[in-house]
Amino acid sequence: MTKINNTNQQTFPALESETRTAVSTNAAAHYLNRQPQTLRAWACFENGPLRPIRINSRLAWRVADIKALLNGGIA
């Protein structure tokens with residue numbers, strides 16, 4: 001049996017305890033239970049339920065929008 005060491009796996013705090021106003025694509029994908037590439041496609045085609053903000057040409061996702069989407073609201 002081969003044991004695979006997955007060192008690229010990240011851990012994220014619970015969304016309720018998140019103190020940042022915006023999170024990375026990987027963190028947002030974790031909270032939304034989606035692949036990061038799905039969020040990148042939403043940003044590229046502007047067809048997803050959330051719109052990212054761009055900080056130095058990187059995507060960031062507002063925590064308030066993620067919470068609103070998960071609570072059934074429209075972001």
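Beta carbons closer than 8 Å, at least 6 apart along the sequence or on distinct chains, pair a first residue in segment 19-48 that is in contact (Cβ under 8 Å) with a residue 40 or more places away in the chain with a second that is of a type in the set (V, I, T) for R20/V63; T21/V63; A22/I53; A22/I55; A22/V63; V23/V63; V23/I66.
Filtering segment 46-66 to residues that are surrounded by 18 or more Cβ atoms within 10 Å (Cβ to Cβ) and within 12 Å of A22 (Cβ to Cβ) leaves P52, L59, A60, W61, R62, V63, D65, I66.
Could you please find all residues in segment 33-45 being surrounded by fewer than 10 Cβ atoms within 10 Å (Cβ to Cβ) and either on the phi > 0 side of the Ramachandran plot or among the aliphatic types (A, V, I, L, M) (or both)? Matches in segment 33-45: N33 only.
All of the numbers you see were taken from the coordinates with simple rules; none came from a lab. Values in this document were obtained by computation on a predicted structure and should not be read as measured data. Note: ideal-geometry Cβ built from the backbone for every residue, glycine included; neighbour counts use all protein chains shown.
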